[in-house]
Amino acid sequence: MTKPITRAEAEVFELFHESVFVRDMQGQIHFWNSASETLYEWSSQLAVGSNARALLQCQGTGRPEAADAKLLADGHWRGELCRTTASGGRRDVNVRWSLRRDASGAPVGIIETSHDISAAKEIERRLIDSEYRYRNLFQAMAASFWELDFTKVGAKLRVLLDSGVEDLETYFQDHPEVVREYLRDTRVIDLNDHSVRLFGRGNREEMLGSVDPYWPDASIQVYARCIVKSLARHPNNIEVTRLQTLDGRELECLFTACFSKENMARGIILIGIIDLSEQVAARQALEVMQTELAHAARISILGELTASITHEINQPLGAISAYAEAGLRWLRRPDPDLKEVEMALQSIVSEAKRTDDVITRVRNMAVRRAPAECVIPINDVIRESLQFTRHQLQKHRVRVELELASSLPDIKADRVLIQQVMVNLVMNAVQAMALKENAGRELFIQTTHLLDGKIAVHIVDSGPGISEDHLERLFESFFTTKATGMGMGLPICRSIIEAAGGEIKLANRSDGQQGADIVLTLPEATADCLMGGGNSV
Ligand code: ADP
């Protein structure tokens, strides 16, 4: 039988850096060079005489029979195999087989050359793995992800910048039609299933086009800011905005665009969108509930103040009837004194105005309406709140001292709600002081303009103060130490003050005297609010 390899050939193959081995048609190895020893970890001594297939045990799904058939038909075969080494390791190899024939053309053996591609294969596997993971993430997240082709916009931007436009943000504000054009030029290359569910009509292909249909006019500056930020090499842009679906619904969403260097070099921007509609609806429902709660609490305060209100109305009413009787008497005289009658009538008008003021104040408090922020002078609100509580203060013989800073900036808040807070805090102070029999009752209210621009309001009383165990719990709903208390006053005060961007703190006096010291800090109305034209009446 003809040997598949000659001695001379073996000597040449020994010089190869690649693995070369020769086997006969039954698979028995006749030659095994030293590069094969290194690659497969089998010595030539052990390999020669062994069956190649048994020695190298192919792994994976490749079908060696198919390779054999091709080899016999064409005389050669090349491909990739995954084999096992002597120590059980795995080697990915790129293999070439060529068929040797004898003089009559009958196949006598196969020469195989192979080299190690394990490292490259490992990288490929990792890439596939990471691509798979990325795909999974891309698809499985309950967020909408889009891959956008930005190349056309990039080219137009270069032309725009070359034409001398420097302040892009202002330029885009002045030229919304250019932003619109760029939106038309930005194309969706890929998007996940969630995006199709959120924005589309179930058809993914329909969405692989321009991003323009998803941007209502009111939101296009968000896109313009993305462009500006990407050019300024910001890594991303995050904003809450409104986008629209293909069937015309508007969604409130958190929009993020990511401008990684690698993607930007390829003209690609990634965007992520989280639908906030449910959260927005929940927040709105919560706001309605808070408004209703605040309203209920106001009504309850008015309930507590009924006696004072009645007293406040009765006083001018009494005066009115006294002036009316006096007027009548002047009229009934044989010689009516019209001057006196006129004076009595004028007094009636001004007393009626007093009654009207009280009624208007109570009605404003009692009416249920959504909060309306205005620019308001806090000192005036404090004085108004003291009018509400005047009778209570008098009844409990509380001496009130005001130290209201002049030229304080205004705050931006709902006037009635801040009044409600002040009335609540003053009433709490009066009720606390009423617990101290016969003691001097003093309420000190001070406003100051702090160095950081905020406004501080101190409400200091001479009551018993707050016990240490209670300090932590004062803002808990329904926490009360009063027999008929509801425990909702302070939690509502806090939510009102925080909604106005401020803070409320309750502590005991720090001047060594007994009593509570409540501080409200509120931000001053910014130039924006002032221009926005809140009313300050
Ligand atoms: P309520 O007045 O219905 O009790 P609040 O939430 O207004 O509800 O007050 C909760 C508790 O805080 C009061 O019951 C009282 O114990 C305490 N508190 C509030 N203000 C003062 C104060 N000025 N001095 C002492 N304790 C106070």
Cβ pairs under 9 Å, 6+ apart or interchain, first in region 158-179 and on the phi > 0 side of the Ramachandran plot and in contact (Cβ under 8 Å) with a residue 24 or more places away in the chain, second part of a loop (DSSP other than H, G, I, E, B) and surrounded by 12 or more Cβ atoms within 10 Å (Cβ to Cβ), ordered by first then second residue, are none
Run down VAL288, VAL240 and say which single residue is part of a helix (DSSP H, G or I) and β-branched (Val, Ile, Thr).
-> VAL288
Only unsatisfied item for PHE259, checking (1) open to solvent by less than 60 Å² (accessible area, probe 1.4 Å); (2) touching an Asp or Glu at 6+ places or on another chain (Cβ under 8 Å), is (2)
Criterion (surrounded by 14 or more Cβ atoms within 10 Å (Cβ to Cβ) and not in a strand (DSSP E or B)) met by exactly one of ALA73, ALA119, ALA86 | ALA86
Any residue in region 500-526 that's of a type in the set (Gly, Ala, Ser) and open to solvent by 50 Å² or more (accessible area, probe 1.4 Å): show its pairings with residues that are within 12 Å of the ligand (Cβ to nearest atom) and at pLDDT 95 or above at Cβ separation under 7 Å, as long as the two are six or more apart or on different chains.
-> SER510/ASP517
Which ones in region 150-169 are open to solvent by less than 60 Å² (accessible area, probe 1.4 Å) and assigned to a helix (DSSP H, G or I)?
-> VAL153, GLY154, ALA155, LEU157, LEU160, LEU168
Given region 404-467, what strands (runs of 3 or more DSSP E) lie entirely inside it while holding 1 or more residues that are near the ligand (Cβ under 10 Å from one of its atoms), under 22 Å from GLN513 (Cα atoms) and touching a residue at least 40 places away in the same chain (Cβ under 8 Å)?
-> 441-449, 455-461
Test set (1) at pLDDT below 95; (2) under 16 Å from VAL421 (Cβ atoms) - VAL358 fails condition number = (2)
If you check SER36, SER104, SER98, which single one turns out to be of a type in the set (S, T, N, Q) and assigned to a loop (DSSP other than H, G, I, E, B)?
-> SER104
Taking region 475-487 and keeping residues open to solvent by 20 Å² or more (accessible area, probe 1.4 Å) and within 6 Å of the ligand (Cβ to nearest atom) leaves PHE479, THR480, THR481, LYS482, GLY485, MET486
Members of region 89-116 that are surrounded by 18 or more Cβ atoms within 10 Å (Cβ to Cβ) and touching a Gly at 6+ places or on another chain (Cβ under 8 Å) = LEU99, ARG100
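The values are calculated or read from the model by the stated rules, or taken from the named source; none is laboratory data. Remember, predicted model here, so these are calculated numbers, not experimental data. We place every Cβ from the backbone using ideal geometry, glycine too, and count neighbours over all the protein chains shown. To get the accessible areas, we keep the full protein, side chains included, count just its heavy atoms, and leave off ligands, DNA and RNA. Shrake-Rupley method; radii C 1.70, N 1.55, O 1.52, S 1.80 Å.
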